[in-house]
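Taking it in order: structure first as structure tokens, then the write-up.
The values are calculated or read from the model by the stated rules, or taken from the named source; none is laboratory data. Treat the numbers as computed from the prediction; the structure is a model and nothing was measured. Virtual Cβ from ideal backbone geometry, glycine too; neighbours counted across all protein chains shown.
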Amino acid sequence: MASQTEICNLALLRLGAPPITNITDLTKTAIALNSNYDTVRDIVLRDHPWNFATKRVSLARIGTAPAWGFSYAYQLPSDCLRVIGIQDPNATYNDDIDPAMGFKIEGDHLLTDEETVYLKYIYRATIAGEYDSRFVSAFASRLAAEVAYYITGSSGLKEQMMKEYSFEIAGARSIDAQENPADAVEDSRWADARL
């Protein structure tokens, strides 16, 4: 399991820079990494629906309905970074999310016409020891890109790290596709009637 300092040192290794002892050190490098760490972590979490950072909850409806466009407003969880989708509570099939269920995110509210909302979302995962190894690698690449010019003075190295980050996200998508197989489609009376 990686620590914050180990993630930072992986980023520095990719830049060809010497490691730090601790992310809280008062060196130029540690200060740059520490200043960017939380923001970059949240960016990488939002960029992909990571399995380790996924939660499912039932949302609480707020008392005030939207002025127009939707019937209900729901409070998003305080740790929500990205909404993956909502599920129909009356579904008779095994479906993670229902793309037909319309909603819109405005501020920290989810607006919809659904009377009940079961939300699947990416949360702000802050414990480095719980990160997936693919996430650690992608995070290190993105962090390296953010501090590359400040630490090395090379804008070309920043571009190279962003390309590596894109490669890391593509690899994570491939792994997730294997870990999250498509839901089986159950037989329906409509399909049976066609036979």
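In segment 98-111 there is no residue matching the filter, namely being farther than 30 Å from Pro66 by Cα and either of a type in the set (S, T, N, Q) or at pLDDT 95 or above (or both). Restricting to segment 106-125, what's the tally of residues that are within 22 Å of Leu33 (Cα to Cα) and free of Cβ contacts under 8 Å to residues at least 24 places away in the same chain? Qualifying residue count for the region: 0. If only residues of segment 47-68 that are small (Gly, Ala, Ser) and under 30 Å from Asp176 (Cα atoms) are counted, the one that is surrounded by the most Cβ atoms within 10 Å (Cβ to Cβ) is Ala53. Scanning segment 118-130 for residues that are touching a strand residue (DSSP E or B) at 6+ places or on another chain (Cβ under 8 Å) and crowded, with 20+ Cβ neighbours inside 10 Å gives Leu119, Tyr121, Ile122. Out of Ala30, Ala53, Ala65, one residue alone is touching a strand residue (DSSP E or B) at 6+ places or on another chain (Cβ under 9 Å) and without any contact (Cβ under 8 Å) to a residue 40 or more places away in the chain. It is Ala65.
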